[in-house]
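Here's the structure, in structure tokens; my notes come after.
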Amino acid sequence: MRELIVAGSLVLLALAPSGAVNAQPAPAATMAQSDSAEIGAVIKRFDAAIRAQDLDALKALFHENTINWRATGHPASRAWIEKATNTPVAALEDQGAHQLLGAPEVKGSALAERFGPPVIVSDGQLATVTFRYAFTENDKVTNWGAESWQMIKGDSGWRIVNLLFSYNLQNVAPMPLDHLK
């Protein structure tokens, strides 16, 4: 057996005599009912933190309180922003609702993220959660799209490691009526 250290973690590789990696099939993905309920509770706390504009509560939902939140705009929405600001918009941006919390321009506004039914794929340690969303300010949709969370289960329960969302600006591409179903 040969040891390989990868990113601070010890990974063991069983090498066949030919030098090829002896691959073992991964166990079938299973998720306990309690994991599904715990991930659902994270979604509810996420929603509450956005509505309360509580950045500390939001950070607590991320692994090691580190927010890794990225966005990818649909081409028409990026083009609209580029024209309005005369600034190029990358296909992948470091941005998210967390940057609005506590900002003077939204003080007094009611912020919320409405979620469609989540799809959770998990093996009990790693989970991917996807859903459709609509972000609102004062009950008016500002943007909408799809969202994906990668989560891990640690000593303090399920935490978000990465959050990636796509966005369509409502004034550019109005949200379909059935988007959150």
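Read-outs: derived from the displayed coordinates by stated rules, not from any lab. Only a predicted model underlies this, so the values are computations on that prediction, with no experimental measurement involved. Glycine gets a Cβ as well: all are built from the backbone with ideal geometry, and neighbour counts include every protein chain shown.
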### Task
Would you mind counting up the charge near Glu137? Only other residues with Cβ under 13 Å from its Cβ, with Lys and Arg at +1 and Asp and Glu at -1.
+1
#### Entry: Packing-based ranking, highest mean first, of 104-115, 123-134 given that Cβ atoms within 10 Å are counted
123-134, 104-115
### Task
Classify the range 116-181 as rounded, prolate or oblate, taking a ≥ b ≥ c as the square roots of the eigenvalues of its Cα gyration tensor: rounded when a/c is under 1.5, otherwise prolate if a/b is larger than b/c and oblate if not.
prolate
## Note on the structure
Taking 0.36 nm per residue of separation between Ala173 and Asn68 and subtracting their Cα-Cα distance, the length gained on full extension comes to 35.2 nm
### Cα Rg, Dmax, the range 26-126, angstrom units
16.9, 51
### Query
How much length is gained on full extension from Val121 to Ala79, taking 0.36 nm per residue of separation minus their Cα-Cα distance?
11.8 nm
### Charge dipole magnitude, Cβ of K and R +1, D and E -1 - the range 55-100, Cα centre, debye nearest 20
160 debye
### Message
Tell me whether the range 47-94 comes out rounded, prolate or oblate; compute the Cα gyration tensor, take square roots of the eigenvalues as a ≥ b ≥ c, and use a/c under 1.5 as the rounded threshold.
### Response
prolate
